[in-house]
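Scroll down for the structure; my scribbles are underneath it.
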Amino acid sequence: MDRHLIFHGAMTPVAARNTQILMVGALREGATRIVLHICSGGGDVVAGVGLYNFIRSLPWRVDTHAFGPCDSIAATVFMAGAARTCLPISAFVLHGATYSDGPKIGQRAPNTDLIGAPFREILGWGDQQIDHYFGTEDRRLLPQEALTLGIATSVQQFPLPMDASAIVHVAMPA
């Protein structure tokens, strides 16, 4: 039995925690596979890295699907999927973390290593690719380029199931 979780919004600690709770609940109810549908402009790096690590630690299959923009830390969470699909009308934005205040404003922050780690681990990217895609500039990737780079494993339409009980929205209170 598949369970489809819809993650549409900012990556926040509450949204990440609610996603984890829904995943555990689905598995307790007998789901054998979870598909996490992501449409997010990104957000909190700590929350996203925690969600990525949580998904990767599960002993059940979790696939990810980009159904719109999957930017910044959301792209890192996307990498947690065993299969990573995206719609033909979707995109990914990669960039490094930078300091937003203080004397180092605009400089590369150490969290960049965390954001780029899945691309290094899963795709085998070296320092040159990490530096290129996780620098201070945004790198926007359309589906075909994401497929070529291995970020997405396929570009396809992904219809939701007819059984609405298999679809759950992640609560993201403001």
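The values are calculated or read from the model by the stated rules, or taken from the named source; none is laboratory data. Predicted, not measured: the structure shown is a model, and the values here were computed from it. With ideal geometry, Cβ positions are generated from the backbone for all residues, glycine too; neighbour counts draw on all protein chains shown. These accessible areas exclude ligands, DNA and RNA; they are computed on the full protein's heavy atoms, side chains included. Shrake-Rupley method; radii C 1.70, N 1.55, O 1.52, S 1.80 Å.
Figures for the structure shown
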item: Residue pairs meeting the criteria (Cβ under 6 Å; at least 6 apart or on separate chains; first over 12 Å from residue 97 (Cβ atoms), in the range 108-132; second at pLDDT below 95 and aliphatic (A, V, I, L, M)); result: none
item: Within the range 82-102, considering residues that are more than 11 Å from residue 65 (Cα to Cα) and of a type in the set (Gly, Ala, Ser), the one surrounded by the fewest Cβ atoms within 10 Å (Cβ to Cβ); result: 102
item: One residue from 34, 38, 21 being free of Cβ contacts under 8 Å to residues at least 60 places away in the same chain, of a type in the set (Val, Ile, Thr), part of a strand (DSSP E or B) and over 15 Å from residue 165 (Cβ atoms); result: 38
item: The lone exception for residue 105 - which of (1) within 22 Å of residue 140 (Cβ to Cβ); (2) in contact with a Phe, Trp or Tyr (Cβ under 7 Å, 6 or more places away or on another chain); (3) open to solvent by 50 Å² or more (accessible area, probe 1.4 Å) it fails; result: (1)
item: The range 116-174 - residue that is assigned to a loop (DSSP other than H, G, I, E, B) and of a type in the set (Phe, Trp, Tyr) and, of those, modelled with the lowest pLDDT; result: 158
item: Any hit, the range 108-115, residues being of a type in the set (Lys, Arg) and part of a loop (DSSP other than H, G, I, E, B); result: no
